[in-house]
1. How far, in nm, would the chain grow between residue 61 and residue 38 when pulled straight, counting 0.36 nm per residue and subtracting the alpha carbon separation?
2. As a check on your grasp of the helix formula, calculate [θ] at 222 nm for the chain: sum -39500 (n - 2.57) over DSSP H runs of n ≥ 4, divide by the residue count, round to the nearest 500.
3. Expressed as an acute angle from 0 to 90° and rounded to the nearest 10, what is the orientation of the C-alpha long axis of helix 5-20 relative to the principal long axis of the chain?
4. Tell me, 116, 140 in order of fewest to most beta-carbon neighbours within 10 Å?
5. To the nearest 0.05, how large is the calculated FRET efficiency for residue 51 and residue 87 if R₀ is 25 Å and r is the Cβ-Cβ distance?
6. I'd like the antiparallel share, as a percent to the nearest 5, of DSSP beta bridges with both residues in the chain.
7. Which angle between 0 and 90 degrees, to the nearest 10, do you get for helix 88-104 versus the longest principal axis of the chain when only C-alpha atoms count?
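Since every read-out is calculated from the coordinates, none of them should be taken as a lab result. What you see is a predicted model, and the numbers here were worked out from it, not measured in a lab. Cβ sites come from the backbone with ideal geometry, for glycine too, and all protein chains shown count toward neighbours.
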């Protein structure tokens with residue numbers, strides 16, 4: 001059985017853009033092809049990028065199908081550092097919370113997001129701040145790792 005990776009990543013991107021990109025959400029721009037913050041353009045902030053991450057095959061039974069964990073990195077960019085009075089962590093925390101609300105707080109049949117049955121569940125595995133504009137920087141950036149579980 002094929003996993004259908006592209007269908008899964010496309011469905012995740014569609015879900016995130018529907019719920020998170022203006023006018024519905026706090027992001028001004030979304031893409032699946034990453035650009036450095038310096039090339040994004042000020043009108044496109046805050047921005048999010050969905051990037052394919054690692055894959056892990058987990059086998060619980062010797063002859064059973066593998067559970068496949070597909071990971072995606074959701075890169076969040078902000079240009080809040082241009083305002084010397086703004087606390088950059090405030091906007092980055094609010095953006096991460098908005099992503100979490102879409103991924104983790106879904107009321108499907110089991111209380112989980114399944115991307116219309118393409119996967120068993122999606123969940124956030126962690127987040128990491130990459131660049132903080134609190135000092136002399138202009139851009140803040142963080143990664144939220146989203147894991148999608150399916151069977152092979």
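1. 3.5 nm
2. -7000 deg cm²/dmol
3. 40 degrees
4. Result, fewest neighbours first: 116, 140.
5. 0.40
6. 90 percent
7. Between helix and principal axis, roughly 20 degrees.
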